[in-house]
Every structure is written in C-alpha cells, then in structure tokens.
Amino acid sequence: MIIAIDGPAASGKGTLSRQLAGHFMLPHLDTGLTFRAVGHALLSADLPLDNEVLACEMAQKVDLGKLDRNILSAHHIGEAASKVAVMPSVRKALLEAQRNFANQPGGAILDGRDIGTVVCPDADVKLFVTASPEVRAQRRTDEILGKGQDADFDQILQDVKMRDERDMNRADAPLKPAENAHLLDTSKLDIEGAFQQAVSLVEKTL
Ligand code: C5P
C-alpha cells in the first residue's frame with residue numbers, strides 16, 4: 001500500500017503522516033527533508049542558493065538514511081529548500097530516491113508537495129491536507145515559541161504566504177491536489193481529529 005500525502009507548509013501533514021505510518025505500520029519518508037538537505041548543504045558550505053549546477057550536485061549526494069529532522073527543521077532551511085525546489089535538475093535527482101523508497105515491498109507513506117501528482121501518481125490513497133494561512137502561521141509560531149525561541153507571527157504569516165506562492169506557481173511539479181486526492185482541511189481540527197479523519201479516509205479507500 002502506498003499512501004501519498006501532500007499539502008502546504010505547516011498544514012499538519014508531517015505529524016499526520018508520522019501518525020499514519022505508526023498506525024498502518026508503514027515506513028515513512030518526509031520528502032521535504034530531502035529538499036531541506038540540499039538547502040542546508042549549500043548554506044553550510046556558504047554557497048549561493050541560486051546556482052542550479054551546485055544545487056544539483058548536492059541533491060545527488062542526499063542520503064535518505066541520514067536525514068536529520070532536528071537539524072533540518074529550522075525555519076530558514078525551509079525557505080532555502082523552497083528556493084532549490086524550483087530547479088528541475090534538483091527535483092529529478094531527488095525523484096529517483098523518493099520513488100525507490102515508495103516502491104519498497106510492503107509499501108510506504110510519503111509526504112510532500114507532489115507525491116500524488118508526480119512521485120507516486122498510482123498511490124493507493126492520496127490525501128491533500130490544508131489549513132488557512134493564518135492557522136498555519138499560528139501553528140508555526142507556537143512551535144518556535146515552544147522551543148524557547150523568538151517568533152514573530154506577522155513575519156511568519158508573510159513567509160507562509162510567500163512559500164505557498166513559490167510552491168504553487170513553479171513550472172515543475174507545483175503544489176496542487178491530485179485529481180483523485182481526498183481533501184482534508186485541518187483549520188478547525190486538532191491533531192487527534194485530523195488523524196481520525198485520515199484513518200477513516202484511508203480505510204474507506206482500501
Ligand atoms: O514540507 P517542508 O516544509 O519540509 O518542505 C520544504 C520545501 O521543500 C517546500 O516549501 C517545497 O518548496 C519543497 N518540497 C517540494 N516537493 C516536495 C516536498 C517539499 O518542492 N515533495
């Protein structure tokens with residue numbers, strides 16, 4: 001069974017995917033981490049984010065077994081990720097690893113922006129998880145404050161909207177629901193509520 005979960009930044013798709021992976025006992029790949037790893041590699045080496053040749057070289061070196069969520073989850077690395085994610089050669093380099101993960105025996109759950117449309121168009125179940133920009137910015141703000149760091153809601157809201165704009169309007173694999181995706185709006189749901197709805201959508205489809 002392959003479950004494809006897509007949605008914008010801070011929609012709750014990451015938490016939901018991890019919970020579904022535990023529930024259905026499937027391996028899980030957060031494909032956002034693969035793009036973040038490219039952004040992080042460039043930033044750490046003090047290299048520019050707008051050089052496709054360099055970014056592609058970094059993408060070819062990404063090792064799915066070594067993606068460290070603690071390091072890669074920083075807000076500025078997400079911004080860097082969405083800049084390199086517009087580059088077709090970066091997407092192509094990561095696509096093969098993402099597909100291999102999806103096609104392992106027994107199935108998998110992948111989450112990202114283009115799983116249902118590009119990475120796994122034949123997935124058994126596709127979910128598109130959304131929430132309003134304000135709700136997503138508030139979640140991000142709370143998450144950062146929870147770590148004891150400073151967070152400015154207005155700045156985060158502006159970043160969320162800018163990232164949506166970049167992710168939805170790029171030419172290659174833009175963020176959009178697959179035709180046969182189930183829409184799950186988590187604006188008014190807590191984590192448990194979103195999880196229950198997702199489980200019942202998956203079980204109905206199987
Ligand atoms: O989901 P996350 O915030 O970790 O993703 C970081 C960035 O990576 C996104 O803003 C998006 O530009 C890019 N991405 C993508 N395709 C995916 C997953 C992430 O373009 N499948």
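Note on the range 151-206: residues that are within 18 Å of I3 (Cβ to Cβ), without any contact (Cβ under 8 Å) to a residue 12 or more places away in the chain and not charged (D, E, K, R) total 2. Out of R140, R170, one residue alone is in contact with a helix residue (DSSP H, G or I) (Cβ under 6 Å, 6 or more places away or on another chain) and within 14 Å of the ligand (Cβ to nearest atom). It is R140. Whenever a residue of the range 92-113 is over 21 Å from L16 (Cα atoms) and without any contact (Cβ under 8 Å) to a residue 40 or more places away in the chain, its partners that are away from the ligand (no atom under 12 Å from the Cβ) and outside any strand (DSSP E or B), lying with C-beta atoms within less than 8 angstrom and at least six residues away or across chains, give the pairs A93/C56; A93/Q60; A93/V62. Scoring A81 on the criteria (1) free of Cβ contacts under 8 Å to residues at least 60 places away in the same chain; (2) surrounded by 22 or more Cβ atoms within 10 Å (Cβ to Cβ); (3) more than 24 Å from I156 (Cα to Cα); (4) not β-branched (V, I, T) leaves a single failure, condition (3). If you go through the range 98-132 and pick out every residue that is buried (at least 17 other Cβ atoms within 10 Å of the Cβ) and under 16 Å from the mean Cα position of the chain (by Cα), you end up with 22. Screening D150, D122 for residues that are farther than 19 Å from K13 by Cα, touching a strand residue (DSSP E or B) at 6+ places or on another chain (Cβ under 9 Å) and in a loop (DSSP other than H, G, I, E, B) leaves exactly one candidate, D122.
Restricting L33, L49, L26 to residues that are modelled with pLDDT of 95 or more, within 9 Å of the ligand (Cβ to nearest atom) and not hydroxyl-bearing (S, T, Y) narrows the list to L33.
Each row is one residue, and each column tells you yes or no for (1) modelled with pLDDT of 95 or more; (2) closer than 26 Å to D122 by Cβ; (3) of a type outside the set (S, T, Y); (4) in contact with a His (Cβ under 9 Å, 6 or more places away or on another chain).
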site	(1), (2), (3), (4)
K147	no, no, yes, no
D154	yes, no, yes, no
Q158	yes, no, yes, no
M162	no, no, yes, no
R166	no, no, yes, no
A171	no, yes, yes, no
P177	yes, yes, yes, no
L184	yes, yes, yes, no
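Just one residue in the set F153, F195 is of a type in the set (F, W, Y), surrounded by 16 or more Cβ atoms within 10 Å (Cβ to Cβ) and either more than 16 Å from the ligand (Cβ to nearest atom) or more than 19 Å from the chain's Cα centre (by Cα) (or both); that residue is F195. Restricting attention to the range 69-115, the residues being part of a helix (DSSP H, G or I) and within 10 Å of the ligand (Cβ to nearest atom) number 17.
The values are calculated or read from the model by the stated rules, or taken from the named source; none is laboratory data. None of the values given here were measured: they were computed from a predicted structure. Cβ sites come from the backbone with ideal geometry, for glycine too, and all protein chains shown count toward neighbours.
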